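Each value in this text was obtained by applying a stated rule to the coordinates, not by laboratory testing. These numbers come from a predicted model, not from an experiment. Here Cβ is always computed from backbone atoms with ideal geometry, including for glycine, and neighbour counts include all displayed protein chains.
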């Protein structure tokens with residue numbers, strides 16, 4: 001059993017819609033269970049008959065209501081796993097789509113999943129949020145393919161591991177495809193709507209991909225399009241390392257072999273120390289593009305030790321932020337502070353400046369005992385923060401820093 005616990009893409013603001021969806025699902029579930037148990041209804045079937053989706057007796061509202069009904073009998077595995085997946089993946093997706101956009105995306109995804117299921121099983125009723133949540137999970141893969149997921153593994157052993165989101169989501173998608181295929185081939189019936197899951201995954205990934213492709217949703221340096229760009233750059237870099245031809249990768253948008261070869265030629269004319277620092281920077285960029293942030297952070301720490309002038313080793317804005325955040329998550333506070341300071345110095349006009357100042361102020365206030373610098377950073381950040389929770393944190397830190 002593989003149970004997701006959290007991702008490394010926390011939301012920037014409170015995921016109100018995700019929280020509300022979980023609450024509504026739980027309230028409806030408990031109402032059905034308690035109604036049956038305390039005889040408040042004739043049975044929980046009354047609620048199910050009204051809200052489930054039945055292709056043989058189509059009612060448009062049931063494309064929405066069925067998403068909030070779950071099996072009330074036995075141990076609540078169905079709703080428990082659904083709500084866990086919604087929380088783990090929904091928070092980050094809501095943050096990217098916006099609250100209203102996420103709600104519409106979620107409900108429409110559930111409708112698509114129900115219709116897809118009815119195409120294969122027109123006599124089968126369906127309840128549950130699984131199709132909607134599969135849509136959210138598919139969207140997460142398109143929006144955050146470089147992310148990693150903390151997973152609780154219960155097999156012959158029990159442990160917590162960090163795995164790439166592509167592997168985790170791909171595993172569950174493959175299981176649903178195999179089980180649906182087995183069912184179609186006469187491998188035995190099941191009361192699980194696997195086709196609804198599959199349709200949800202495809203819907204979520206496709207819609208998110210389309211939103212990114214048409215620039216309706218702003219592209220960022222960790223979505224699926226950035227992965228394509230990074231793949232081209234890695235291929236070009238490896239071709240240059242082998243002194244191979246540029247081939248199809250020759251592009252103004254990529255670090256082509258010719259350009260990299262020129263850079264290597266110039267690097268040879270520099271002193272060995274500068275060449276070593278350049279190689280470390282290249283290694284960090286490759287590790288980040290491969291999604292191995294812990295190794296990138298370790299290499300960055302080596303870069304800090306090797307460079308006498310910290311001001312000249314800042315990475316690209318996104319890479320610098322990724323490394324700094326990884327160091328902070330590892331509780332390497334001194335190096336994280338150095339990385340964040342370099343980010344502020346190198347990219348003073350960054351859209352992330354206020355948030356970086358806040359987290360840097362937090363480090364100085366609570367971990368490194370530099371109250372004066374902490375107060376300066378937090379006061380600068382406070383006027384530009386837009387998230388209520390971040391503003392509240394800034395106020396709390398300033399109160400703690402009062403002499």
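Computed quantities for the displayed model
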{"read-out": "Mean Cβ neighbour count within 10 Å, used as a protection proxy, ranking 291-299, 212-220, 3-11 highest first", "value": "291-299, 3-11, 212-220"}
{"read-out": "Overall form of the stretch 62-201 per C-alpha gyration tensor (a/c, 1.5; a/b vs b/c)", "value": "oblate"}
{"read-out": "Gyration tensor (alpha-carbon) shape descriptor, the stretch 284-403, a/c threshold 1.5", "value": "prolate"}
{"read-out": "Listed peptides 62-69, 321-328 by packing density, highest first (mean Cβ within 10 Å)", "value": "321-328, 62-69"}
